[in-house]
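No lab work stands behind these numbers, since they all come straight from the coordinates. Here the structure is a predicted model, which is why all the values come from computation and not from measurement. Here the Cβ positions follow ideal geometry from the backbone for every residue, glycine too, while neighbour counts run over all protein chains shown.
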Amino acid sequence: MLHLCCLTFADDEIAKKIRTLRIQYVDEVRKIKKSQKSGAGSEDIYVPKWKFFSLLDFMSDSVNVTMKETTTNLSVSIALVV
């Protein structure tokens with residue numbers, strides 16, 4: 001349980017929010033990697049518009065985003081590096 005100012009947050013609420021932020025961060029990294037495919041010019045590289053992306057960049061060492069193409073869609077694999 002976290003008490004902040006006049007607000008109280010349950011542990012599960014905090015965990016859910018952290019998970020949501022992490023997923024959004026990984027989605028932005030995925031967009032960057034997808035735009036960096038060979039042949040893409042520097043003006044074609046995706047620049048994140050999400051205002052919290054740079055604040056969460058500390059996660060770049062603990063999040064490993066790998067992308068592999070399949071015949072039907074783009075698969076993203078996320079691994080936590082400990």
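Just name one of L56, G41, T20: the one whose Cα is farthest towards the positive end of the charge dipole of segment 2-57 (beta-carbon charges, Lys/Arg +1, Asp/Glu -1). The Cα lying farthest towards the positive end belongs to G41.
Mean sequence separation of contacting Cα pairs (under 8 Å, at least six apart), scaled by the length of segment 2-57, corresponds to a relative contact order of 24 percent.
In segment 2-57, inverting the average of 1/r over every pair of distinct C-alpha atoms gives 13.4 Å as the Kirkwood radius.
FRET efficiency for the pair V63 and M1, taken as 1/(1 + (r/R0)^6) with r the Cβ-Cβ distance and R0 = 25 Å, rounds to 0.35.
As a calculated quantity, the FRET efficiency between V47 and K17 at R0 = 35 Å, using C-beta atoms, amounts to about 0.90.
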